[in-house]
1. I'd like the Kirkwood hydrodynamic radius of segment 301-359, using the inverse of the mean 1/r over distinct C-alpha pairs, in Å.
2. Classify segment 71-210 as rounded, prolate or oblate from the Cα gyration tensor: take a ≥ b ≥ c as the square roots of its eigenvalues, call it rounded if a/c is under 1.5, otherwise prolate when a/b beats b/c and oblate if not.
3. Hey, in the GNM for the chain with a 10 angstrom Cα cutoff, which one of 97, 228, 143 fluctuates hardest?
4. Top mean-square fluctuation among 273, 113, 342, Gaussian network model of the chain, C-alpha springs under 10 Å?
5. Suppose R0 equals 30 Å. What FRET efficiency, 1/(1 + (r/R0)^6) with r the Cβ-Cβ distance, do residue 328 and residue 176 give to the nearest 0.05?
6. Would you calculate the separation in nanometres between label points at residue 301 and residue 144, each defined as 7 Å from the Cα along the Cα-to-beta-carbon direction?
7. By how many degrees, 0 to 90 and rounded to 10, does the Cα axis of helix 145-155 deviate from the longest principal axis of the chain?
8. Run the helix sum for the chain: -39,500 (n - 2.57) per DSSP H stretch of 4+ residues, divided by residue count, reported at 222 nm to the nearest 500 deg cm²/dmol.
């Protein structure tokens, strides 16, 4: 039931303030601020690429509640189910992203960006099906003599409600109570260089290598409903950007980024079943998150020198993660079906004074972007929409 919003990409994309392949002139600076507000997120695209509730569901049996065996056999006891429960969950985030760029030469610029998260998660437990005491009693009547003697006692076992399950989560498994969670803090920081390697009048190529620093908050293995703002290791990436200018009104651009995620060591819960999330044991794991591929394509229609509209399509694929520890079976469970995919559409409306500034029709080069973003399909990612306002200034 962990809520990870790695899809909230806050790249400032300073190279796209004009053509996709352009960088800042030597000595010119750019600062940017982006405010991101997500919708209320209550579903995700699961491992089958279907929309599913954000919260998890689980079954509580007699063993997890430490119910007495009352003389029954293991077969009967293992069929005692206290109930099935669902966690209704909803999350919402507001993110403040800031960035800075500086032209080292007319074709190479340095940049860095950092985001600050404010996240609220609401979660509560609901019972979706009752106990199997009667069924276990019927099974006992056809079993051994001890089972038959205990059959009537099985029906009179104390039922468990949501409060009882909360007690199991905290006392038996050792998690903090399931409920509302609020967190804030910095995300991982991105920094790198942008180099304009090809620059013709109507097209060009930009290459920028960089690193993602682990400055963000990591999720807590003892809190089921929390959210990490970073993944805890250094990442290396290389991105290529190119585009084409058809005329004064129509441009297109595309970028492709490959991110290598370095291995790291993490303390995680040790799962004992592939599809059951709760565990009463933690352990150290060597984690290699899957490498990530991001692709974006857009087309920009300029109504005039001041206003333009840009539809955008984004695709993300993350390879399966690998886990290594002394818990061999748990390594397999954690890595199972852990790849991710995401398809997003975006519409951006830009208000820019950059072209008027270059024509000496305005005193300050700046840009305001208003973005509406929607995740339309994916695998193992939240189904989210978000609204963004971005301001960039050059000086």
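1. Here the Kirkwood hydrodynamic radius works out to 15.5 Å.
2. prolate
3. In the Gaussian network model the winner is 143.
4. Of 273, 113, 342, the most mobile in the Gaussian network model is 273.
5. Approximately 0.60, to the nearest 0.05.
6. 7.7
7. Helix 145-155 and the main axis of the chain meet at about 60 degrees.
8. Calculated from helices alone, the mean residue ellipticity at 222 nm is -3000 deg cm²/dmol.
We did not get these values from a lab; they are worked out from the coordinates using the rules stated. A quick note: this is a predicted structure, and the numbers were derived from the prediction, not measured. Neighbour counts run over all protein chains shown; Cβ positions are idealised from the backbone, glycine included.
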